[in-house]
Amino acid sequence: MHYGTFFFANIVSVTAFTLCIGLLALWNRRIIGMRWFAASLVVGLIKLVLQGLEGHTSTAFSMVANEFYLLSLFMQYLGLRWFVVRQPMRDYWPSTALGLTLALYATLFFAHVPYSGNVLNIPFVILCALSAHLLLREGQPPFTVISRLTAAVLLATMAVSTYRAVLTNLCYQRPWETFHAHNDPRWLYSLAVMAFLATFMVLCQLGFLVAELQRELAEQARTDSLTGALNRRAIEDAALRETARSLRHGSNLCMIMIDVDNFKMLNDKHGHIAGDRALQALALTVQSILRVSDFFARTGGEEFAILLPGADADAAFNIAERIRTAIALHDIPYETGPLHITVSIGLTLLAAPDDTWEAMMRRADAAMYEAKHRGRNQVSTLLCPDTAATVA
Ligand code: GH3
Ligand code: MG
Ligand code: MG
């Protein structure tokens with residue numbers, strides 16, 4: 001294999017990959033991880049061009065090429081981290097350590113210190129291992145499969161780069177003279193394996209994009225766009241699951257129905273936009289009171305449902321009362337002055353052994369209408385099919 005021909009072919013394919021990932025990052029700007037992938041490929045491509053010119057230009061270009069390799073891997077790490085961790089990196093030490101490493105390598109390179117390649121090679125191997133570890137630890141659905149696949153590619157990259165680091169220490173201790181290695185088949189073929197793994201890595205990056213788009217679609221199909229609460233279908237699925245689980249384990253399950261009082265009047269008086277604002281404020285208030293394990297959905301225009309797994313009638317009643325009071329006391333900011341709403345709430349408890357979520361919904365609905373009947377802005381409880389509604 002001829003070194004120049006290999007580099008030309010590699011540069012052509014990496015240019016195509018960079019364009020592809022770059023355009024996808026541009027079309028999906030909200031997916032920040034793709035930006036890091038694109039940036040990592042751009043830096044990797046520049047590194048490849050500089051490395052291809054090795055022996056024909058100043059040795060400083062080789063130094064920059066080597067540094068860009070580590071930089072590119074670090075950017076890829078940040079991209080992977082975005083997909084699986086979903087939180088910005090708060091620690092500054094990784095970037096600081098990277099900066100110091102690059103500065104140290106440049107100094108040793110220009111001082112012609114032998115074995116200085118280790119300053120980059122060792123962090124490269126460590127970063128591969130850290131990336132793989134992060135993916136295996138944090139890769140939750142829908143990223144589990146692609147995370148494992150990517151971790152395998154990273155571990156293979158780590159193995160080959162370790163081999164190349166050992167080879168460098170044994171035969172090419174002077175990083176400003178590595179063009180001597182161009183005719184060494186061990187050097188060239190291991191480089192080809194790295195290029196092959198880099199191609200796999202780009203496919204993995206596309207895999208992360210596809211998994212993220214799937215996640216977004218699934219979330220949209222479960223969410224109400226106005227309030228951000230679950231939609232009817234999602235709470236029905238949750239109710240089916242939770243009733244089966246509660247009946248199996250003999251645990252409590254409560255359902256709450258909420259309906260805004262005289263909402264049509266608010267719309268008529270202040271306009272539809274004001275009504276929308278009130279629904280959004282209501283959703284925020286309810287969500288601030290619920291736990292993450294509870295389910296909250298918008299089931300109709302101004303109607304909402306809540307599932308409280310594990311809550312008994314007293315606990316559910318307290319939560320319903322807190323919701324009712326918080327909404328009644330809330331001044332909802334609006335251009336023409338604060339808006340006020342109240343809600344009527346119906347509450348029911350799963351009745352073993354053969355209750356169903358449809359029957360629960362009917363009971364919670366009946367309890368809610370009972371609350372309306374008795375003057376609105378109150379909580380009504382209908383505990384089991386034979387019990388009359390009690391109002392508090
Ligand atoms: P009640 O106290 O008996 O529940 O009276 P209500 O006026 O709240 O009930 P009604 O069913 O008569 O009216 C519901 C209103 O909710 C009618 C409809 O215009 C309004 N509505 C439904 N969906 C939306 C929405 O997404 N945005 C806004 N602004 N209004 C909505
Ligand atoms: Mg209604
Ligand atoms: Mg209403």
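The values are calculated or read from the model by the stated rules, or taken from the named source; none is laboratory data. Note that the structure is a prediction, hence the values are computed from the model and not measured. Cβ atoms come from the backbone with ideal geometry, glycine included; neighbour counts cover every protein chain shown. Only protein heavy atoms, including side chains, enter the accessible area calculation; ligands, DNA and RNA are left aside. Shrake-Rupley method; radii C 1.70, N 1.55, O 1.52, S 1.80 Å.
Within the range 332-387, restricting attention to residues that are within 16 Å of ligand 3 (Cβ to nearest atom) and part of a loop (DSSP other than H, G, I, E, B), the residue that is surrounded by the fewest Cβ atoms within 10 Å (Cβ to Cβ) is GLY375. Run LEU188 past the list (1) surrounded by 13 or more Cβ atoms within 10 Å (Cβ to Cβ); (2) free of Cβ contacts under 8 Å to residues at least 60 places away in the same chain and report the number of the one that doesn't hold. Evaluating LEU188 over (1) surrounded by 13 or more Cβ atoms within 10 Å (Cβ to Cβ); (2) free of Cβ contacts under 8 Å to residues at least 60 places away in the same chain leaves (2) as the failure. Can you find a residue that is free of Cβ contacts under 8 Å to residues at least 12 places away in the same chain, among the hydroxyl-bearing types (Ser, Thr, Tyr) and either in contact with a Ser or Thr (Cβ under 6 Å, 6 or more places away or on another chain) or surrounded by fewer than 19 Cβ atoms within 10 Å (Cβ to Cβ) (or both) anywhere in the range 65-72? For the range 65-72, residues free of Cβ contacts under 8 Å to residues at least 12 places away in the same chain, among the hydroxyl-bearing types (Ser, Thr, Tyr) and either in contact with a Ser or Thr (Cβ under 6 Å, 6 or more places away or on another chain) or surrounded by fewer than 19 Cβ atoms within 10 Å (Cβ to Cβ) (or both): absent. Restricted to the range 117-137, and to residues there that are of a type in the set (A, V, I, L, M) and over 15 Å from VAL153 (Cβ atoms), the residue that is least open to solvent (accessible area, probe 1.4 Å) is LEU120. In the range 321-339, the residues that are within 13 Å of ASN377 (Cα to Cα) reach residues that are open to solvent by 40 Å² or more (accessible area, probe 1.4 Å) and in a helix (DSSP H, G or I) with C-beta atoms within less than 9 angstrom, at least six apart or across chains, in these pairs: ALA326/SER288.
Answer yes or no: is there a residue in the range 24-36 that is closer than 21 Å to LEU120 by Cα and either of a type outside the set (Gly, Ala, Ser) or surrounded by fewer than 21 Cβ atoms within 10 Å (Cβ to Cβ) (or both). Yes - at least one qualifying residue is present in the range 24-36. Taken over the range 291-310, the criterion of being away from ligand 2 (no atom under 16 Å from the Cβ) and within 13 Å of ILE235 (Cβ to Cβ) is satisfied by ASP294, PHE295, PHE296, LEU307, LEU308, PRO309. The residue that is surrounded by the most Cβ atoms within 10 Å (Cβ to Cβ), counting only those in the range 274-317 that are of a type in the set (D, E, K, R) and touching a residue at least 24 places away in the same chain (Cβ under 8 Å), is ARG298.
From the list LEU136, LEU70, LEU127, pick out the single residue that is within 22 Å of the chain's Cα centre (by Cα), modelled with pLDDT of 95 or more and under 19 Å from PRO175 (Cβ atoms). Selected residue: LEU127, the only one of LEU136, LEU70, LEU127 that is within 22 Å of the chain's Cα centre (by Cα), modelled with pLDDT of 95 or more and under 19 Å from PRO175 (Cβ atoms). Candidates in the range 351-370 are the residues that are among the charged types (D, E, K, R) and under 21 Å from LEU247 (Cα atoms); of these, the one that is modelled with the lowest pLDDT is ASP354.
Listed here are the residues, each with its yes/no results for (1) more than 16 Å from ligand 1 (Cβ to nearest atom); (2) closer than 21 Å to ARG363 by Cβ.
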| residue | (1), (2) |
| --- | --- |
| PHE208 | yes, no |
| ALA221 | yes, no |
| LEU226 | no, no |
| LEU230 | no, yes |
| ASP237 | yes, yes |
| ASN252 | yes, yes |
| ASN262 | no, no |
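Of the numbered criteria (1) surrounded by fewer than 17 Cβ atoms within 10 Å (Cβ to Cβ); (2) at negative phi, the one GLY228 fails is (2).
Is it the case that the range 244-255 has a residue that's in contact with a Phe, Trp or Tyr (Cβ under 7 Å, 6 or more places away or on another chain) and open to solvent by less than 10 Å² (accessible area, probe 1.4 Å)? For the range 244-255, residues in contact with a Phe, Trp or Tyr (Cβ under 7 Å, 6 or more places away or on another chain) and open to solvent by less than 10 Å² (accessible area, probe 1.4 Å): absent.
For the range 272-296, a residue qualifies if it is more than 16 Å from ligand 3 (Cβ to nearest atom) and either under 16 Å from LEU308 (Cα atoms) or in contact with a helix residue (DSSP H, G or I) (Cβ under 6 Å, 6 or more places away or on another chain) (or both), and the qualifying residues are THR285, GLN287, SER288, ILE289, LEU290, ARG291, VAL292, SER293, ASP294, PHE295, PHE296.
Among the residues that make up the range 264-271, is at least one of them modelled with pLDDT of 95 or more, more than 20 Å from GLU335 (Cβ to Cβ), open to solvent by 10 Å² or more (accessible area, probe 1.4 Å) and within 15 Å of ligand 3 (Cβ to nearest atom)? Yes; the residues of the range 264-271 include at least one that is modelled with pLDDT of 95 or more, more than 20 Å from GLU335 (Cβ to Cβ), open to solvent by 10 Å² or more (accessible area, probe 1.4 Å) and within 15 Å of ligand 3 (Cβ to nearest atom).
Tell me, please, whether a residue that is touching a helix residue (DSSP H, G or I) at 6+ places or on another chain (Cβ under 9 Å), acidic (Asp, Glu) and within 22 Å of LEU230 (Cα to Cα) can be found in the range 327-337. No, the range 327-337 contains no residue that is touching a helix residue (DSSP H, G or I) at 6+ places or on another chain (Cβ under 9 Å), acidic (Asp, Glu) and within 22 Å of LEU230 (Cα to Cα).
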